[in-house]
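The values are calculated or read from the model by the stated rules, or taken from the named source; none is laboratory data. The shown structure was predicted, so the numbers you read here are calculated from the model rather than taken from an experiment. We place every Cβ from the backbone using ideal geometry, glycine too, and count neighbours over all the protein chains shown. Just so you know, the surface numbers come from the protein's heavy atoms only, side chains and all, with ligands and any DNA or RNA stripped out. Shrake-Rupley method; radii C 1.70, N 1.55, O 1.52, S 1.80 Å.
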Amino acid sequence: MTDKSVTDAMTDDTPTELVELGRLIAALPHPHFAALDAKYQQVVEAFRRRRRILALVQESLAQLRLDVKYLLFDLDATRRERDELRAQLEEPRADDFSAW
C-alpha cells in the first residue's frame, strides 16, 4: 500500500483501527504488501459504502416518522370533523318540531 492509500483511508468516518491496519500493511515487505493492499482497499470501500447506506436508511426513517406524524394529525382532525358533523346531524332542529 502506498502512502496515498493510507492517507485515502484516513477520513473522518474511517475507524482508527482500520487506518492503523492500513499503516501496518504499508509497513510490510512488498510481496506481502501487494497481496494485502487490494483487499484492504476493498474493505475500506465496503465500510464507506455501508456507512453511506446506513446514513440513507436513517434519513429515510426520520422522514417516515415525520410522515406518520402528519398522517396521524390528519386522521385525528378528520375524526374530530366527523364527530362534529354527526353531533350536528343528531341535534334536533327547531323546524322539525313545527310539524307537530
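Residue pairs whose Cβ atoms lie under 6 Å apart, separated by 6 or more positions or on different chains, with the first residue in segment 45-72 and closer than 23 Å to residue 22 by Cα and the second among the charged types (D, E, K, R) and open to solvent by less than 80 Å² (accessible area, probe 1.4 Å), are 51/13. Condition test on residue 75, is it assigned to a helix (DSSP H, G or I) and more than 30 Å from residue 24 (Cβ to Cβ)? Yes. Once segment 25-50 is narrowed to residues that are open to solvent by 100 Å² or more (accessible area, probe 1.4 Å) and charged (D, E, K, R), the residue that is farthest from residue 13 (Cα to Cα) is 39.
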